[in-house]
Amino acid sequence: MAIMDAYTPEEIETRWQRRWADAPPMDAGPEGPEAPRFYLLEMFPYPSGRIHMGHVRNYTIGDVMARFLRARGYRVLHPMGWDAFGLPAETAAIQRGVAPAKWTYENIDAMRVQLRRMGFSYDWKCELATCHPGYYRWEQLFFLQMLEKGIAYRKKAVVNWCEQCGTVLANEQVEGEQCWRGHRPVTQKEIDGWFLRITAYADELLDGLDTLGGWPEKVRTMQRNWIGRSYGVQIGFPLVECEGALEVFTTRADTLFGVTFASIAAEHPLAETLGAAGGRQAEVRAFVERIRSQDPTERAQGKEGVFTGCHVVNPVNGERVPVYVANFVLMGYGTGAVMAVPAHDQRDFDFARRYGIAIRVVVQPPGRELEPDTMEAAYEDDGVLVASAAFTGKTSEQARVDIAQHLRANGEGRTTVNYRLRDWGISRQRYWGAPIPVVHCADCGVVPVGADQLPVVLPTDVELLAGGASPLPTLESWVNTQCPRCAGPARRETDTMDTFVESSWYFLRFTAARLDTAPFDPQELARWLPVDHYIGGVEHAVLHLLYSRFFTRVLRDLGWVRLDEPFRNLLTQGMVIKDGAKMSKSKGNVVDPDDLVRTYGADTARLFSMFAAPPEKDLDWSERGVDGSYRFLSRVWRLALAFEGRALVWADPGAGVVDDEGAGKLRSLVHETIRRVTRDIGERRHFNTAVAAIMELVNAIYDRRAGRVDDDAATQFATATVLRLLAPFAPHITSELWERLIGGPALDRLPWPEVDVSALVREKVEMAVQVNGKVRARVSVAVDASEAEILACALAEQKVAAELSGRSPRKTVVVPGRLVSIVL
């Protein structure tokens with residue numbers, strides 16, 4: 001053998017991956033019901049055919065945690081699967097002239113190889129693909145049960161339509177002027193479709209956010225804003241030119257006396273009726289058609305509208321005000337009609353200025369007086385009411401209560417709660433998705449398929465149509481069927497389910513992925529749920545995460561699960577950035593993980609993705625940083641192999657065994673490093689600082705060995721500890737070195753190293769102790785001592801105790817690192 005073997009990542013890593021395939025590290029850990037359990041899950045990928053650096057970062061975070069937790073004595077459920085239905089596979093299959101099923105399963109095979117090559121320790125026995133009938137058969141059963149309970153329903157509705165995708169989009173899938181896949185424009189279209197009644201759970205979803213202390217506040221805020229609960233009053237404004245009333249929702253009843261017009265959405269059912277009644281049918285119809293054809297961004301450009309020719313009566317003062325159809329009023333919020341108060345709402349202010357509508361101030365701010373003619377913007381804050389009859393002089397807060405009571409007493413309005421959230425439209429006019437298990441019968445209408453007839457299998461031997469239209473409506477052998485109720489001819493539903501339905505419950509199925517008699521095993525659900533730690537991108541805050549919380553509650557109410565929240569803790573990792581932008585094929589800044597692994601090895605890719613930035617921050621790609629990670633691993637390789645050929649002492653030699661001061665300091669640093677790495681992985685999730693601590697220990701070992709002929713027990717212990725602490729980040733190289741130097745037990749079967757608290761080096765700082773403003777003593781405390789520890793030390797000091805003479809302090813102030821102030 002040469003003086004020292006070269007570090008050859010590919011050879012080492014592929015050898016260990018073959019061994020792990022035969023004896024997976026995920027099977028490590030204590031057996032039995034008494035062993036603590038931990039369900040660790042990263043958001044499963046769409047099988048696009050290749051993993052990208054975002055996957056590498058996401059899944060390395062999870063694998064580091066999984067390996068750490070197993071070493072800490074946990075039984076860890078760490079599964080992997082495939083979010084396999086969806087438009088991208090269908091589009092790619094059309095472009096390549098292959099079936100989506102073939103394309104998808106080939107991609108799954110390729111990506112599985114890539115994930116294994118990264119050394120990710122998944123429990124592949126739990127693997128699932130959502131496009132498999134064995135998975136979506138249970139989803140179809142849930143749909144039938146939701147249909148029976150009224151949670152699933154069908155209606156004609158104005159929906160978001162992406163022309164390029166050729167399908168409907170849920171509100172959550174529209175981002176500004178484009179769909180969530182980046183296509184534009186998104187327009188409005190009236191169509192029949194299937195919905196899930198997520199609004200029935202709005203309060204529970206909103207209130208449940210307060211229980212999710214392990215979630216980032218940013219994500220909880222995004223969901224709160226999306227659900228958008230607001231308290232207000234629904235008021236009936238009687239119509240003048242026709243029968244009935246225009247129902248309006250407002251959170252600002254205190255401004256009711258300032259209404260000078262009303263506006264309705266272009267989609268409002270009264271829009272064309274009012275146009276006809278007001279003698280302006282042509283103008284209104286033209287405006288409505290133009291606005292409804294615009295994408296959301298175009299619609300938001302400026303404030304414009306058309307007068308309907310009709311008026312409504314303000315119930316509190318009897319004043320007639322005109323009704324407009326306006327582009328900025330949305331049917332998706334409130335009633336789709338707005339009482340317009342230009343002086344106190346900026347959108348109304350802009351509209352009124354454009355169309356010469358009166359502006360009436362009814363709320364004055366403290367300390368100044370508004371004049372309508374000189375106002376440059378609306379005053380939208382609270383204040384004191386003016387020109388508001390009996391309510392003049394009241395504060396806005398009080399007036400909202402009193403005016404609401406007045407309206408309720410006179411039968412003109414009622415207090416109510418409104419939500420921004422709308423029911424989830426799950427119909428997709430595409431082929432590659434889970435079939436909706438109903439048929440359409442000319443005599444019976446919409447009839448659910450019997451549960452014993454599930455799954456309704458999506459045919460895979462289809463010819464995809466140019467342009468992307470679904471072939472299902474034209475596939476006579478599949479679409480023509482028998483009505484389950486009357487046995488007459490019927491046609492299957494040809495819409496398929498939104499792919500977010502599949503991802504809304506997959507984390508539950510992982511606990512019994514091979515069970516074919518039921519979707520879940522109740523005992524396994526109780527054993528593993530909720531997910532202890534979920535890892536994924538913040539971009540899913542109001543899509544997948546909100547839907548999953550809703551779906552979990554629905555399954556609870558259907559009797560399938562016994563929990564409210566699916567994810568106890570959430571880590572949202574940042575993006576991988578290169579050349580100042582997110583990695584993207586369109587930007588030409590993509591780094592292929594396969595190329596990285598071939599050049600540097602999987603351990604380097606893993607280490608760099610953990611060391612380059614905290615997990616919640618964006619990671620700036622750096623070739624220099626990658627090379628630095630490789631050089632560090634090479635340094636560890638050389639350090640460890642210097643001991644090859646002799647029995648390396650990997651156990652702690654203990655305080656009494658070290659032979660000099662330097663050895664004692666090194667042993668103390670080892671235990672300090674164990675403490676830091678354990679805390680940074682297990683509590684703080686600061687993987688970058690954990691790696692930094694290991695690097696510092698390696699530097700200290702090199703310094704210790706410089707100029708020494710022998711390697712004492714402390715140096716050997718420190719070197720072995722480096723391998724143990726580095727193992728979750730770089731499992732291949734550390735396993736190889738451990739086996740060469742020590743043999744057994746295998747590194748991935750070892751428990752995590754324990755901290756000897758007595759060995760910790762704690763730097764001291766001197767702090768002054770004041771009693772009633774005068775320095776009476778000085779105390780020496782550890783730099784990282786808590787305030788309670790500092791105060792206890794100060795109170796125990798002899799001179800301070802004498803000043804107290806048994807009295808209790810009236811007030812104490814601790815300024816860490818500086819002083820303790822005690823006031824008697």
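From Arg354, Arg368, which residue is part of a loop (DSSP other than H, G, I, E, B) and open to solvent by 60 Å² or more (accessible area, probe 1.4 Å)?
On the way: Arg354 fails: part of a loop (DSSP other than H, G, I, E, B).
None of the other options fit; the residue is Arg368.
Of all residues in region 277-297, which are farther than 30 Å from Cys162 by Cβ, crowded, with 18+ Cβ neighbours inside 10 Å and out of contact with any Phe, Trp or Tyr (no Cβ under 8 Å at 6 or more places or on another chain)?
Ala277
Kindly provide the set of residues from region 648-680 that are assigned to a loop (DSSP other than H, G, I, E, B), open to solvent by 60 Å² or more (accessible area, probe 1.4 Å) and without any contact (Cβ under 8 Å) to a residue 12 or more places away in the chain, ordered by number.
Gly656
Return the residues of region 298-326 that are within 33 Å of the chain's Cα centre (by Cα) and crowded, with 20+ Cβ neighbours inside 10 Å; say none if nothing qualifies.
Hit for region 298-326 is Arg299, nothing else.
If you check Val329 against the conditions, is it open to solvent by less than 10 Å² (accessible area, probe 1.4 Å) and either at pLDDT 95 or above or hydrophobic (A, V, I, L, M, F, W, C) (or both)?
Values: open to solvent by less than 10 Å² (accessible area, probe 1.4 Å): yes; either at pLDDT 95 or above or hydrophobic (A, V, I, L, M, F, W, C) (or both): yes.
The answer is yes for Val329.
Quick check, is Pro100 at pLDDT below 95, under 19 Å from Phe510 (Cβ atoms) and buried (at least 24 other Cβ atoms within 10 Å of the Cβ)? Explain how you work it out, then say what you get.
On the way: at pLDDT below 95: yes; under 19 Å from Phe510 (Cβ atoms): no; buried (at least 24 other Cβ atoms within 10 Å of the Cβ): yes.
It is false that Pro100 is at pLDDT below 95, under 19 Å from Phe510 (Cβ atoms) and buried (at least 24 other Cβ atoms within 10 Å of the Cβ).
List the pairs whose first member sits in region 330-344 and is assigned to a loop (DSSP other than H, G, I, E, B), whose second member is of a type in the set (Asp, Glu), and whose Cβ atoms are under 7 Å apart, counting only residues at least 6 apart or on separate chains?
Sorted first by the residue in region 330-344, then by its partner, the pairs are Met331/Glu267; Thr335/Glu247; Gly336/Glu267; Val341/Asp348.
Kindly state which strands (runs of 3 or more DSSP E) lie completely within region 136-233 and contain at least 3 residues that are modelled with pLDDT of 95 or more.
Values: elements: 152-162, 167-169, 186-196.
It comes to 152-162, 186-196.
For region 722-734, what are the residues that are part of a helix (DSSP H, G or I) and either open to solvent by 10 Å² or more (accessible area, probe 1.4 Å) or in contact with a Ser or Thr (Cβ under 7 Å, 6 or more places away or on another chain) (or both)?
Initial filter on region 722-734 (part of a helix (DSSP H, G or I)): 722-726, 731-734.
Of everything in region 722-734, those that are part of a helix (DSSP H, G or I) and either open to solvent by 10 Å² or more (accessible area, probe 1.4 Å) or in contact with a Ser or Thr (Cβ under 7 Å, 6 or more places away or on another chain) (or both) turn out to be Leu723, Arg724, Leu725, Leu726.
How many residues does region 706-715 hold that are surrounded by 18 or more Cβ atoms within 10 Å (Cβ to Cβ) and either more than 20 Å from Ser758 (Cα to Cα) or modelled with pLDDT of 95 or more (or both)?
Going through region 706-715 one residue at a time, the tally reaches 2.
Using beta carbons and a limit of 7 Å, which pairs, at least six apart or on different chains, have the first residue in region 291-309 and among the β-branched types (Val, Ile, Thr) and the second one in a loop (DSSP other than H, G, I, E, B) and modelled with pLDDT of 80 or more?
Ile291/Ala266; Ile291/Asn327; Thr308/Gly278; Thr308/Arg280
Inside region 534-569, can you point out the residues that are free of Cβ contacts under 8 Å to residues at least 12 places away in the same chain and within 17 Å of Leu40 (Cα to Cα)?
Taking region 534-569 as the starting set, the residues that turn out to be free of Cβ contacts under 8 Å to residues at least 12 places away in the same chain are 539, 556, 559.
Residues satisfying the conditions do not exist here.
Taking region 234-259 as the region of interest, how many residues are open to solvent by 10 Å² or more (accessible area, probe 1.4 Å) and not in a helix (DSSP H, G or I)?
Step one: list which residues in region 234-259 are open to solvent by 10 Å² or more (accessible area, probe 1.4 Å), which gives 234, 236, 238-245, 247, 249-252, 257.
Checking the rest, the ones that are also not in a helix (DSSP H, G or I) come to 234, 236, 238-245, 247, 249-252.
Looking only at that region, the number is 15.
Go through Leu570, Leu633 for me and flag whichever is under 24 Å from the mean Cα position of the chain (by Cα) and modelled with pLDDT of 95 or more.
Working: Leu633 fails: under 24 Å from the mean Cα position of the chain (by Cα).
The match here is Leu570.
Within region 40-76, can you find the residues that are out of contact with any Ser or Thr (no Cβ under 8 Å at 6 or more places or on another chain) and of a type in the set (Ser, Thr, Tyr)?
If the condition is that a residue be out of contact with any Ser or Thr (no Cβ under 8 Å at 6 or more places or on another chain) and of a type in the set (Ser, Thr, Tyr), then Tyr46, Ser48, Tyr59, Tyr74 are the ones that fit.
Restricting to region 757-792, give me the number of residues that are open to solvent by 50 Å² or more (accessible area, probe 1.4 Å) and not in a loop (DSSP other than H, G, I, E, B).
The total comes to 13.
Applying the selection to region 53-95, what residues are among the β-branched types (Val, Ile, Thr), closer than 29 Å to Ala730 by Cβ and open to solvent by 10 Å² or more (accessible area, probe 1.4 Å)? If you could, list the steps in order and put the result at the bottom.
Keep residues of region 53-95 that are among the β-branched types (Val, Ile, Thr), which gives 56, 60-61, 64, 76, 91, 94.
Narrowing the set further to residues that are closer than 29 Å to Ala730 by Cβ leaves 56, 60-61, 64, 76.
Hit for region 53-95 is Val76, nothing else.
Looking at (1) open to solvent by less than 40 Å² (accessible area, probe 1.4 Å); (2) assigned to a strand (DSSP E or B), which is the one condition that is false for Arg491?
Single failed check for Arg491: (1).
Output the number of residues of region 550-573 satisfying the condition of being in contact with a helix residue (DSSP H, G or I) (Cβ under 6 Å, 6 or more places away or on another chain) and outside any loop (DSSP other than H, G, I, E, B).
4
The values are calculated or read from the model by the stated rules, or taken from the named source; none is laboratory data. As the structure is a computational prediction, the values presented were derived from the model and not from experiment. Glycine gets a Cβ as well: all are built from the backbone with ideal geometry, and neighbour counts include every protein chain shown. SASA here: full protein model, heavy atoms, side chains in, ligands and nucleic acids out. Shrake-Rupley method; radii C 1.70, N 1.55, O 1.52, S 1.80 Å.
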